[in-house]
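The values are calculated or read from the model by the stated rules, or taken from the named source; none is laboratory data. Given the structure is predicted, the values throughout are model-derived calculations rather than measurements. For neighbour counting, all protein chains shown are included, and Cβ atoms are generated from backbone atoms with ideal geometry for every residue, glycine included. Ligands, DNA and RNA are excluded from the accessible area calculation, which covers all protein heavy atoms including side chains. Shrake-Rupley method; radii C 1.70, N 1.55, O 1.52, S 1.80 Å.
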Amino acid sequence: MGFRIQLLGMYYLAWFSFVVSESVKKGSVIIDGSSVIGNIDDDFVCATLDWWPPQKCDYGTCSWGLASLLNLDLNNKIFLNAVKAFSPLKLRLGGSLQDKVIYGTEDYNQPCTPFVRKESEIFGFTQGCLPMERWDELNAFFQKAGAKIVFGLNALNGKSIQAGGSANGPWNYTNAESFIQYTVGKNYDIHGWELGNELSGNGVGTSISADQYASDFAALRDIVDNAYRDIEPKPLVIAPGGFFDATWFKEFISKSGKSLDVVTHHIYNLGPGVDQHLVEKILNPSFLDGEKSTFNGLKNVLESTGTLATAWVGESGGAYNSGHHLVSDAFVYSFWYLDQLGMSAAYDTKTYCRQSLIGGNYGLLNTTNFLPNPDYYSALLWHRLMGRRVLSTTFSGTNKIRAYAHCAKQSKGITILLINLDNNTTVEATISNINSLRHRKMSYKSKIMKLPLHSTSETTREEYHLTPQDGNLHSQVMLLNGNVLSVNSAGDIPRLEPLY
C-alpha cells in the first residue's frame with residue numbers, strides 16, 4: 001500500500017523583490033505516527049455570526065456593516081457557497097449582544113425592536129429582539145447551506161447588575177425556554193445550546209459567580225432535556241463562553257457535574273485591534289507559544305475534575321474590538337490562525353470557532369462583497385486535509401518553523417502543516433515518521449513557489465503552498481501553488497488543487 005504525505009505549506013515571499021540572497025538552514029520534522037495526542041471533531045473548524053449592528057464602531061471605524069444575524073443578506077450566492085464548501089461548517093451564533101437579545105415568541109407581549117446605540121448601556125446598546133420570522137429565514141439558510149448551529153442564549157435575563165460589576169440573581173429562563181420550544185416545534189436542527197458570553201471570571205462588562213452560573217446552567221439542561229425528550233440525538237449543552245480563569249472554571253465545572261457537555265473559552269491573545277505591533281506578535285514564535293498555557297490549563301482542569309465535558313474554543317478573533325484592517329483580514333493573519341488551529345488541536349480541543357465568518361475586520365469573508373479573505377482558504381484547507389487524530393510532532397533546527405501533523409482526513413497517510421515565519425530563510429527539512437521509519441527531504445524557500453518533487457512507487461505526496469500576492473503580507477489575495485484563489489462570476493468557491 002502506498003504511503004501518502006500531504007503537506008500544507010504556509011510561508012511567504014521576500015518582502016522586497018530586490019532581495020536575491022537568503023540563508024539556508026537545515027531542520028527536522030519528527031512525527032510519532034503511533035502517538036495520538038488529541039482527537040478533534042470532523043467539523044473542528046467553526047466560525048461565528050454575531051449580533052453587532054452597523055453602529056458598532058471601534059477606534060473611530062465602523063467595520064460591521066450589514067453582517068448582523070438580524071440584517072445579513074441570506075440570498076447572496078457567494079455567502080451560500082462559502083458555507084456549503086465545508087459540508088458542514090459549524091456556526092456559533094453569539095457575541096457580546098447575545099446577553100441583551102430577547103426572542104419574539106408568541107408569549108413575548110412587547111414590540112420586537114432592534115438594538116439602538118446608547119453609550120450608557122452595558123455593551124453600548126439597548127436590548128434588541130430576534131423576530132421569529134428572521135429566525136425562520138436564518139434556519140432556511142442554514143438548512144440549505146448544510147451548517148451545524150450552536151446558539152448562544154441570553155444568560156443575563158432577570159439579573160440585576162451591581163455597582164461593582166457583578167450580575168446577581170437567578171436566570172429568568174422563561175423567554176429562552178419559549179424560544180427553544182419554538183425551535184423544536186419547527187424541527188430546526190440545533191447542534192448545541194450555549195449559555196452566556198464572556199461572563200466567567202472577571203467577565204467583560206459584567207460577571208456571574210461560578211456557583212450561580214452552575215445553577216443557571218442546570219436550569220438550561222432541564223429545559224433542553226424536556227424539550228427534546230422524544231428526540232435523539234439531543235443537542236449539546238454548552239458553557240460558559242468566556243475567558244479562561246482556572247479557579248472559576250474549576251468551580252463551575254465541578255458544580256455542573258454531568259450536565260455539561262462542552263466547556264467553551266475565548267481567545268484574543270493579540271490584544272486590541274488598534275495595536276500597531278500585531279504583525280510583530282504574529283511572527284514571533286515566543287509570543288505564539290504564550291497561548292499554550294491556556295490550552296494546557298484548561299486541559300488540566302478538565303482532567304482534575306473528572307468531567308466528561310470536552311473543550312472548545314468558542315470564539316477567537318485574535319485582536320479584540322473587531323481586529324485591524326489589512327492585518328486580521330489579510331494574508332499575514334493565517335500565520336496566527338493556522339498556528340492556533342494546530343496548537344489547540346494538540347491540546348485535545350475538539351472545535352475552534354473563528355470570530356467571525358463575516359463582520360468586523362477579522363471576518364473569513366469580506367463584509368461588503370462576501371468574497372473570501374485569505375484565512376477562509378486556510379480554514380477550508382485545514383478542514384479538508386487535517387484528520388481527527390493529532391500526532392506528536394516536533395521540529396528542530398529553527399524556532400521559525402511551526403510544525404503540526406494529523407492523520408490525513410481523506411486518505412491513508414499523514415498531513416503535515418509547516419509554517420515558515422522567516423521571510424528570507426530556506427529551511428531544508430527532513431521529515432521522519434519514527435513509527436514507519438520513512439524519511440523525506442524537502443526544501444522550503446521563501447522565494448520559490450514550486451518545489452522539486454521526488455516520488456517512488458511507494459511514496460507520493462500532495463503539496464499545498466500558500467503565499468500572498470506580490471509577496472505582500474498585507475495582501476488580501478492568496479495564492480495556492482502560485483495561482484490566485486478567486487471566486488468566479490457565478491459565485492463558486494475555487495477548487496483547491498495540490499501539486500503532486
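For the pair residue 119 and residue 300, how long in nm is the line joining their label points, each one 7 Å along Cα→Cβ?
Output for this residue pair reads 4.3 nm.
First select every other residue whose beta carbon is under 10 angstrom from the beta carbon of residue 242; then total the charges, Lys and Arg +1, Asp and Glu -1.
Net of charged neighbours comes to -3.
Below 8 Å, C-alpha to C-alpha, sequence gap of six or more: please give me the relative contact order for the range 39-389 in percent.
20
Just want the answer: with Cβ charges of +1 for Lys and Arg and -1 for Asp and Glu, which residue in 421, 269, 87 is farthest toward the dipole's positive end in the chain?
421
Residue 425's amide H: which non-local residues (gap 5+, or another chain) put their own amide H closer than 5 Å, with H modeled 1.01 Å from N in plane and none for Pro or chain starts?
446
Near residue 285, within a Cβ-to-Cβ distance under 13 Å, what is the net charge of the other residues, with Lys and Arg +1 and Asp and Glu -1?
Around residue 285, the charge tally is -1.
Of the peptides 482-495, 271-284, how do they stack up when ordered by the mean number of other Cβ atoms within 10 Å, highest first?
Ranking the peptides 482-495, 271-284 by packing returns 271-284, 482-495.
For residue 371 and residue 474, FRET efficiency with R0 = 25 Å and r from the beta-carbon atoms, rounded to 0.05?
That pair, residue 474 with residue 371, gives E of 0.95.
Under 5 Å between amide hydrogens, which residues at least 5 positions from residue 92 or on another chain qualify, with H placed 1.01 Å from N in the peptide plane?
Residues meeting the amide H criterion: 47, 48, 49, 150.
From the phi of every residue in the range 464-481, what ³J(HN,Hα) in whole Hz does the Karplus formula 6.51 cos²θ - 1.76 cosθ + 1.60 yield, where θ is phi - 60° and glycine or proline is x?
Taking θ as phi minus 60°, the curve returns 10, 10, 9, 9, x, 5, 6, x, 9, 4, 8, 5, 9, 10, 9, 10, 10, 6 Hz for the range 464-481.
Rounded to the nearest 0.05, what FRET efficiency do residue 84 and residue 230 give with R0 = 35 Å and r taken as the Cβ-Cβ distance? Could you check?
That pair, residue 84 with residue 230, gives E of 0.70.
Putting +1 on Lys and Arg Cβ atoms and -1 on Asp and Glu Cβ atoms, find which of 481, 385, 214 reaches farthest to the positive end of the dipole of the chain.
Farthest towards the positive end: 481.
For the chain, take the longest principal axis of its alpha carbons; what is the angle in degrees between that and the long axis of helix 210-227, to the nearest 10 within 0 to 90?
Approximately 80 degrees, to the nearest 10.
Given 0.36 nm per residue, what is the gain on full extension from residue 430 to residue 57 after removing their alpha carbon distance, in nm?
129.5 nm
Taking the mean number of other Cβ atoms within 10 Å as a proxy for protection, how do you rank 299-310, 59-70, 93-104 from highest to lowest?
The peptides rank, most packed first, as 93-104, 59-70, 299-310.
Taking a Cβ-Cβ separation under 4.7 Å as the criterion for a possible partner, which cysteines of the chain have none?
Flagged as lacking a Cys partner: 407.
Taking amide H positions as placed 1.01 Å from N in the peptide plane, with prolines and chain starts having none, which residues 5 or more places from residue 431, or on another chain, fall under 5 Å of its amide H?
29, 440, 441, 442
Before I look further, what does the chain give for accessible area per residue, probe 1.4 Å, in whole square angstrom?
39
Calculate the spin-label point distance for residue 110 paired with residue 412, positioning each point 7 Å from the Cα along the beta-carbon direction, and give it in nanometres.
A separation of 6.2 nm, rounded to one decimal place.
To test your reading of the geometry: what angle, between 0 and 90 degrees and rounded to tens, separates the Cα axis of helix 246-256 from the longest principal axis of the chain?
Between the helix axis and the principal axis of the chain, the angle is about 60 degrees.
Measure up 118/144; 144/412; 56/186; 84/281; 255/299 against 28 Å on the Cα-Cα distance and list the ones that go over.
Going by Cα-Cα distance, 118/144; 144/412; 56/186; 84/281 fall outside the 28 Å limit.
Can you tell me the Rg and the Dmax, both Å, for the Cα atoms in the range 39-389?
18.8, 54
For the range 372-383, just list the computed ³J(HN,Hα) in residue order, Karplus coefficients 6.51, -1.76 and 1.60, θ = phi - 60°, integers in Hz, with x standing in for Gly and Pro.
Result, rounded to whole Hz: x, 7, x, 5, 4, 5, 4, 5, 5, 5, 4, 4.
Can you give the charge dipole size of the chain about its Cα centre, rounded to the nearest 20 debye, using +1 on the beta carbon of Lys and Arg and -1 on the beta carbon of Asp and Glu?
1540
Using the Karplus curve 6.51 cos²θ - 1.76 cosθ + 1.60 with θ = phi - 60°, what ³J(HN,Hα) values do you get for each residue of the range 417-429, in whole Hz, with x for Gly and Pro?
Rounded to whole hertz, the list is 9, 10, 10, 9, 7, 9, 7, 9, 10, 8, 10, 8, 10.
Measure off 7 Å from each Cα along the Cα-to-Cβ vector at residue 75 and residue 37, then give the distance between these two points in nanometres to one decimal.
If labels sit at residue 75 and residue 37, their model points lie 5.0 nm apart.
Please report the net charge: other residues with Cβ closer than 11 Å to the Cβ of residue 331, K and R +1, D and E -1.
-3
Working from Cα positions, state the angle (0 to 90°, nearest 10) between the long axis of helix 292-305 and the longest principal axis of the chain.
Between the helix axis and the principal axis of the chain, the angle is about 50 degrees.
Once R0 is set to 25 Å, what does the formula 1/(1 + (r/R0)^6) return for the Cβ-Cβ distance between residue 23 and residue 284, expressed as a FRET efficiency to the nearest 0.05?
Once the sixth-power term is evaluated, E becomes 0.85.
Under 8 Å for C-alpha pairs, at least 6 residues apart: give me the relative contact order for the range 295-432, rounded to a whole percent.
Relative contact order for the range 295-432 comes out at 18 percent.
For the chain, which whole percent of the accessible surface, found with a 1.4 angstrom probe, sits on carbon and sulfur atoms?
49
Checking the cross-link filter: which aspartates and glutamates have an alpha carbon closer than 19 Å to that of residue 409, excluding same-chain neighbours under 8 positions apart?
Here the aspartates and glutamates satisfying the reach criterion relative to residue 409 are 32, 41, 42, 43, 339, 348, 462, 463, 497.
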